[in-house]
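Quick note: the coordinates plus some simple rules give every number you see, no bench work behind them. Please read these numbers as outputs of a predicted model, since none were measured by experiment. Cβ placement follows ideal geometry from the backbone for every residue including glycine, while neighbour counts extend to all protein chains displayed.
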Amino acid sequence: MIKFHSNISFMQQTSYFSNFFAADVNKKAKTAAIEFARNTADKSVLVISGQCGNGSTHLAFAIVNAIRKNTPEQRIFSTTFENVQYGLKSKQSQEKLRTSFLNSHSVVLIDSYTDKIWEAASKELLTRLQDVRTKVIITCAEDVSVDLQHRHIRLFPPSDKEKVQIIKDVLKKLVLKDEKIAFSNSAILYLSSADFGSVRHLQGLIISLLARRHLNNYEIDLHFVKKEYLRFKNRYC
């Protein structure tokens with residue numbers, strides 16, 4: 001049965017334009033997403049692509065939440081492509097992929113679409129979406145092709161300078177005012193120039209550094225940061 005993925009549900013509750021970090025190269029993308037949310041046209045398909053962890057899903061749900069805020073009566077259907085793939089095997093879930101069901105919603109969001117695996121499911125989904133007469137949002141990796149007439153927003157990784165601001169913003173949110181935790185400038189510069197695949201990985205490492213500092217009372221100096229970065233990269237990146 002097709003349902004909200006746990007991460008989908010979390011993203012829907014926490015993703016807004018106001019907390020979407022738009023690197024300089026992504027400011028036009030954010031503006032285009034806001035315009036799409038405001039567009040009153042019924043039939044439109046938007047594809048948001050980018051490297052995993054750089055905000056495609058966040059931006060998609062920011063659009064959904066903006067539409068929901070402006071018109072609370074709007075019905076939203078969102079799921080992951082993985083759920084679609086498994087749902088096509090279930091009669092009950094197939095009902096939710098019928099054109100009539102999708103057209104009963106104001107917005108249809110398919111997260112993490114791919115044409116690299118599950119090719120049969122990919123073709124079946126696009127065939128069904130061709131007849132949908134409502135707003136459709138699809139998120140995918142930058143090398144994925146979506147064979148539908150659509151608008152396209154592409155997200156890019158932040159620059160080293162922008163990573164510095166991301167680090168400071170994360171620290172500001174996570175560190176209590178009465179805690180004496182200092183990231184040296186050398187540690188911040190090292191992290192900003194490190195080879196991270198995404199903003200999510202950078203944020204994850206900072207959270208890991210703070211957690212290990214609390215658990216083991218480590219000082220967050222450059223040596224500790226380098227050691228943790230290598231450990232984190234080998235495990236997650």
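For Ala194, the amide hydrogen comes within under 5 Å of no other amide hydrogen, counting only partners 5 or more places away or on other chains and with H modelled in the peptide plane. Cβ-to-Cβ counts within 10 Å put Glu95, Glu82 in ascending order as Glu95, Glu82, the fewest first.
Across the range 82-237, Cα pairs under 8 Å and at least six residues apart give a relative contact order of 17 percent.
The residue among Ala23, Ala141, Ala211 whose Cα reaches farthest toward the positive pole of the charge dipole of the chain, with charges on the beta-carbon of Lys, Arg, Asp and Glu, is Ala211. In plain terms, the residue of Ile67, Ile117, Ile206 with the fewest other Cβ atoms within 10 Å comes first and the most crowded comes last, giving Ile117, Ile67, Ile206. Amide H to amide H, with H built 1.01 Å from N, Ser44 comes under 5 Å of Thr134, Lys135, Val136, counting only residues 5 or more places away or on other chains. Ellipticity at 222 nm from helices only: DSSP H runs of n ≥ 4 in the chain, each -39500 (n - 2.57), divided by the residue count, give -15500 deg cm²/dmol. Residue order for Phe20, Phe81, Phe101, Phe61, fewest other beta carbons within 10 angstrom first, comes to Phe101, Phe20, Phe81, Phe61.
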